[in-house]
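Note sheet for the following structure.
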Amino acid sequence: MAIVRFDDAEGEVRQFLQRFSSTPGLRELVAIRDLIGVFRFAIDGDDFSVTALHGHLAPLEPLLGAWLAPSSAKSQKHYGRVLKHSELVVPQLVFASKDRIEVAPRCYLLDRRVVASDWRRGLLPNRAPTPPRATFFALKGGAGRSTVLLYWARHLARTKGKKVLVVDLDLESPGVSAALLPAGVKPRFGVVDWYVEDGVRQADSALLSEMTGQSPLGSGSKGGSLVVAPVAGHANKDYLAKLARVYASPPGAGDSGAFGDRTARLIDALEDLVKPDVTLIDSRAGLHDVGAISVVRLGAVSFLFATETEENWLGYQYMFEAWGRQPSVLEQFRDTLQVVASLVPETGAQLYLERLGDRAHALFSGYIYESSSPGQPGFNFGRSDSEGPHFPIPVRWNRSFFAHDPTNTTFDSVQENLVEASFGEFFARADELVLS
């Protein structure tokens, strides 16, 4: 018998759910894909529908192969392929799960995952009023994401007179924290301390009060300021030991212990403490849950940094494909996305931007933009429409910003002109998107 691969199994299950949805006596059926990818089926229905499910699953055996659980339980740790509502210890974790995807009437798919669940979840609840937020995201490091954040934060404080809160969530590769906070002004604690203390319910106001520092880059005549919540503080002794515990859900916390929900509480608490005019979030690069939460779930304008490389577009395709499978979730945040053309070269800039814009528009058209018709324009932007989220904001590459230390830079007229030439277009568009 031919081996069935992971990519083919879900399609077969979706077709099965569509066929089975009209079975008499069925109230709900959930196809559960476990952590290794094997499917089991939880059913809420009468005896007829349960018997029918057993019978209809038998023909699926050659179509799913190893991805279908055995027909009967092997032990208490190895359940069979059919789980009745009455047999589940906590049935609401299946039949009321917020991660269920409706495939057909009364039939759902529930994908259990260790990571990457937050890419498919909707907005998190946040206390009102929430100041405007912006997330800086890239698929890979070295795209200039943190540098642009740093200089836009400085621009907002010095030029716009804004009180800016910067939260460093790039926990595996801290960068913006060090660039904005010299050693002498770094607070005692940082973001990782909040997560580990929250795990034992000790993330109190006293901890928060020692988690932020004032960056000298924010001082100026406009009265603005730049407050930073770094990944770690000056009292840190074992960063890796804390990092290893950041993503663990506290025992007995339920949904409120999920990493996304905890991150929302962290951002809310920092905003309540600092009372900023705008919050900037430096996200971890890559397809990690930190990026998912920052881009999808915090209600932020999300700047997606892109380079004109194949690996960049392949990564974004994976991300957009996941969104395309759940249009109801996508609708919650699609209008907050904005592509940024990072590392625009000093020569051939126009061609670079045209190619990047073409690729971005094709990606949005394939997974996010809706078809237009008379009277129903839908969510859609033409290739040359500069208001569209696909239309890239250019960030001009200049070698002067490679491995530089902004806190030790003399910002004379020459340096200020260089900042404007490199980041001015981004400043103008970002101001419009976030502050207006």
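The values are calculated or read from the model by the stated rules, or taken from the named source; none is laboratory data. Values in this document were obtained by computation on a predicted structure and should not be read as measured data. Don't worry about glycine lacking a Cβ; one is built from the backbone with ideal geometry, like all the others, and counts go over all protein chains shown.
With respect to K186, determine if the residue is without any contact (Cβ under 8 Å) to a residue 12 or more places away in the chain, under 30 Å from N408 (Cα atoms) and among the basic types (K, R). Break it down into steps so the answer makes sense when it comes.
Values: without any contact (Cβ under 8 Å) to a residue 12 or more places away in the chain: no; under 30 Å from N408 (Cα atoms): yes; among the basic types (K, R): yes.
Judged against the criteria, K186 is not a match.
Which members of segment 417-436 meet the condition of being under 19 Å from L343 (Cα atoms) and out of contact with any helix residue (DSSP H, G or I) (no Cβ under 7 Å at 6 or more places or on another chain)?
The answer is N417, E420, A421, G424, E425, A428, R429.
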Do you know which of the residues in segment 166-190 that are in contact with a strand residue (DSSP E or B) (Cβ under 6 Å, 6 or more places away or on another chain) and part of a helix (DSSP H, G or I) is surrounded by the fewest Cβ atoms within 10 Å (Cβ to Cβ)?
-> V185
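Only one of L266, L343, L353, L337 is modelled with pLDDT of 95 or more and either in contact with a strand residue (DSSP E or B) (Cβ under 9 Å, 6 or more places away or on another chain) or small (G, A, S) (or both). Can you tell me which? Can you show your working first?
Values: L266 fails: modelled with pLDDT of 95 or more; L343 fails: modelled with pLDDT of 95 or more; L337 fails: modelled with pLDDT of 95 or more.
The conditions single out L353.
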Number of positions in segment 318-352 that are closer than 22 Å to F427 by Cα, surrounded by fewer than 17 Cβ atoms within 10 Å (Cβ to Cβ) and touching a residue at least 24 places away in the same chain (Cβ under 8 Å) | 4
Take the residues in segment 210-229 that are within 25 Å of the chain's Cα centre (by Cα) and farther than 8 Å from P187 by Cα, then tell me which one is surrounded by the fewest Cβ atoms within 10 Å (Cβ to Cβ).
-> V227
